[in-house]
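Working notes, beginning with the structure itself.
Values quoted throughout were computed directly from the atomic coordinates according to the rules given, and no laboratory measurement underlies them. In this text, all values refer to a predicted model and were calculated from it rather than measured experimentally. A quick note on method: Cβ atoms are made from the backbone with ideal geometry, for glycine too, and the neighbour counts reach across all protein chains shown.
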Amino acid sequence: MEDFVGVCDRVAGTRSKLDKIAIVAGYLSSLAPDDLPVAARFLTGSPLISSGEAVLGISHASIRNVVCRLAGCSHSDFARALLRHGDLGDACQEVLDGRLPQGSQVSLAGLGRLFETIAQTQGTGNKEAILEELLSRSSPGLARLVAKIMTSELRIGLVGGLVEEAIARMAGVSPADVRRARMLLGDIGETALLARQGRLAEARLRLFHPLGFMLASPVSSASQALDLIRGPAFVEDKYDGIRAQVHKQGRRVAIYSRTMDEVSHRFPELLPEILALNGDFILDGEITACQDGRCLPFAYLQRRLGRKLVSKPLIEGVPVLCFAFDLLYHDGRLLLDEPLRQRRTWLESIGLSGKLAVSLLWEEENPDKMEEAFIEARSRGNEGLMIKDPTTPYTPGRRGQAWLKLKRPSATLDVVVTAVEWGHGKRRDVLSDYTFAVRDGEELKNIGKAYSGLTDVEIASMTAWFKKHTLRDFGWGRLVEPGIVLEVAFDVIQRSSRHASGYALRFPRILRLRPDKGVAEISTLEEVKDLANSLS
């Protein structure tokens, strides 16, 4: 394991992608067959096989509790270390330094088995006991990486694509062949082993691990979309729900979200209807709250999310539909390489009905008609339009120009920053997360939080200003003088008890700084209420 620690440190120490690939390829080449798949998983920040089912089920707080017990320190001591580093693993190493042995008594394969044991163990206390026994036999450097892997936050500049390229170099095969095998198997560890053995061609699709979702690129107009697609395009509503990948094989069904988590339990009323369909398949679609033929704002669907159990009143109060727009697999046949036009034909043939619907789709090449369709989609309660090239294959996990999304912010607000927080990772040294407010008479009432939209130079300048204008320092963040005005865009305004204003913005992002405006000129709560009513 100390070799693994050293490799991670070497990878983190270089910014060159080619050097990272070379380091990892050389390391993987040196490993025994039992260690190779585990190392490949760990290098992508995954403690387990990425099946979409098993999870460790151990929180940041549990890791902190175990580390504090081993180090004999308080939670406050740990919090200060976490604030200094902005990284859980680095904080663990600091507080454990000098309190753990320098060498490790844990092997790669052994650590993989321990993670599997933690995932299968019930009860927070029992999981913590296994972790404590593990860390007691680890060096501080290994404890750092254990924490990083357990939280999937390796942060050494090694994305999955680079590990795939390293596997390809190790085995002398094409990176494209490695990527495809990994997609089919859902496990980069098994992919690495097959690559070394010259057996990548044996990889076959396994259902019940989520494939990467094909992603869309934003466009600002229908004309821009048609310039990119250069021909008649498929057009359909862009639904305001959650992306869903539906797997069915025999009497087994699973629904996966875009984050690759299984969410079947949140939509129990869909499962019988999926089971009633003939054949085995993988559908790509969107689950939305829908009532009386109209899609409801995302806030309705959000009531179901994050719940372990969805009650009958909630199911009845927030009815849902699953709009399917693609078919990725059907009765033993993988359809990813088929053109969208053909996949759509097969999708329409499998008999979706009831709470499972095929998305409304038509073919269009007139930009003016597309703009009219955009307005109609918004009137149906949807976000805008999806515009797709019907001649293209399905490319999991990729964002290209074959799928385009046309949506526009509902409106913008001018707001003032009232609180700031330190960022994470590369932004650990700057105040980059901004809570902002609108005016309610003489008061300021918070309405949202954003951390995207400003350049690194602007964030550094704002950090210096906030440090000089701090009203109260909490360590992790600060209350600041209300002097920085921002223009923010958003998709939806929804009622919320989270903020003093009684409202929250969905997907807020900073458009620009407004140094030309003072606090007296920012948007008011009355404007927010009017916008919320007009957009509902």
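How far, in nm, would the chain grow between Arg472 and Val457 when pulled straight, counting 0.36 nm per residue and subtracting the alpha carbon separation?
Working: separation 15, 0.36 × 15 = 5.40 nm, distance 2.45 nm.
Gain on stretching Arg472 to Val457: 2.9 nm.
Which order results if Met150, Met260, Met386, Met183 are arranged by neighbouring Cβ count within 10 Å, fewest first?
Met260, Met183, Met150, Met386
Using 11 Å as the cut-off for backbone N distance, which residues of the stretch 295-339 belong to the label zone defined by a point 7 Å from the Cα of Ala357 along Cα→Cβ?
Residues 295-296, 320-324 fall inside that zone.
Starting from the Cα of Ala129, step 7 Å along the direction of its Cβ; do the same at Ala22; then give the gap between the two resulting points in nm.
4.9
From Cα pairs below 8 angstrom and at least 6 apart in sequence, can you work out the relative contact order of the stretch 411-535, rounded to a whole percent? All intermediate terms of the calculation are to be shown ahead of the outcome.
Values: 263 pairs, mean separation 38.3, N = 125.
Once normalised by length, the contact order is 31 percent.
If neighbour count is taken as other Cβ atoms inside 10 Å, put Ser139, Ser217 in order from fewest to most.
The fewest-first ordering by Cβ neighbours comes to Ser217, Ser139.
What is the Cα centroid distance between the stretch 103-140 and the stretch 403-479, reported in whole angstrom?
Here the two parts' Cα centres lie 39 Å apart.
Determine ³J(HN,Hα), in whole Hz, for all residues of the stretch 232-247 in sequence, where each value follows from phi through the Karplus function 6.51 cos²θ - 1.76 cosθ + 1.60 and θ = phi - 60°; x replaces Gly and Pro.
Once rounded to whole Hz, the list reads x, 10, 7, 10, 8, 5, 9, 7, 9, x, 10, 5, 9, 10, 9, 10.
Quick one: which residues, 5+ away or cross-chain, put their amide H under 5 Å from the amide H of Val358? H built at 1.01 Å from N.
Ala324
Report the net charge of residues surrounding Ala12, where surrounding means a beta-carbon distance below 12 angstrom and charges are Lys +1, Arg +1, Asp -1, Glu -1.
Numbers: positive: Arg10, Arg15, Lys20, Arg144, Lys148, Arg155; negative: Asp9, Asp19, Asp87, Asp90.
That works out to +2.
Positive end of the dipole of the chain, charges at C-beta (+1 Lys, Arg; -1 Asp, Glu), about the Cα centre: which of Ser217, Leu56, Ile510 has its Cα farthest in that direction?
Going by the Cα projections, it comes out as Leu56.
Please compute the Kirkwood hydrodynamic radius of the stretch 476-536 from all pairs of different C-alpha atoms, in Å with one decimal.
Values: mean 1/r = 0.0766 Å⁻¹.
Taking every pair of different Cα atoms in the stretch 476-536, averaging 1/r and inverting gives 13.0 Å.
Go through Ser16, Gly381, Ala276 and say which Cα lies farthest out towards the positive end of the charge dipole of the chain; charges sit on Cβ, +1 for Lys and Arg, -1 for Asp and Glu.
My answer, from the dipole projection, is Ser16.
Output ³J(HN,Hα) for the stretch 250-260: one whole-Hz value per residue in order, computed from phi by the Karplus curve 6.51 cos²θ - 1.76 cosθ + 1.60 with θ = phi - 60°, and x for Gly and Pro.
Calculated HN-Hα couplings, in order: x, 9, 10, 9, 8, 10, 10, 8, 5, 7, 6 Hz.
Filter the cross-link list Lys148/Lys355; Lys127/Lys308; Lys355/Lys388; Lys405/Lys467 down to pairs whose alpha-carbon distance in this structure exceeds 29 Å. Could you put the intermediate results ahead of the total?
On the way: Lys148/Lys355 41 Å; Lys127/Lys308 20 Å; Lys355/Lys388 24 Å; Lys405/Lys467 39 Å.
Too far apart for the 29 Å limit: Lys148/Lys355; Lys405/Lys467.
Arrange His247, His424 by Cβ neighbour counts within 10 Å, fewest through most, would you?
On the way: His247 25, His424 15.
Neighbour counts put them in this order, fewest first: His424, His247.
Taking the Cα atoms of the chain, what is the range of coordinates along each of the three principal axes, in descending order and whole Å?
Ordered largest first, the chain gives principal extents of 66, 63, 47 Å.
Taking the Cα centre as origin and putting +1 on Lys and Arg beta-carbons and -1 on Asp and Glu beta-carbons, what dipole magnitude results for the chain, to the nearest 20 debye?
Numbers: 70 positive and 68 negative charges, 158 e Å.
Dipole magnitude for the chain comes out near 760 debye.
Note down the net charge around Arg341, summing +1 for each Lys or Arg and -1 for each Asp or Glu among other residues with Cβ under 12 Å from its Cβ.
-2
So if each residue of separation counts as 0.36 nm, and I subtract the Cα-Cα distance between Ala276 and Asp34, what length gain in nm does that give? Don't jump to the answer; show the numbers that get you there.
Details: separation 242, 0.36 × 242 = 87.12 nm, distance 4.17 nm.
Additional length available on full extension: 83.0 nm.
Residue separation times 0.36 nm, minus the C-alpha to C-alpha distance between Ser217 and Arg341: what's the value? Numbers along the way, then the final one.
Numbers: separation 124, 0.36 × 124 = 44.64 nm, distance 1.96 nm.
Taking Ser217 through Arg341 to full extension adds about 42.7 nm, to one decimal.
Under 23 Å from the Cα of Lys468, which lysines turn up, not counting those fewer than eight places away in the same chain?
Within reach: Lys426, Lys445, Lys449, Lys517.
So what J values fall out for the stretch 23-37 if you push phi through Karplus, 6.51 cos²θ - 1.76 cosθ + 1.60 with θ = phi - 60°, rounded to Hz, Gly and Pro as x?
Those phi angles translate into 4, 5, 4, x, 5, 4, 4, 8, 8, 6, x, 6, 8, 4, x Hz.
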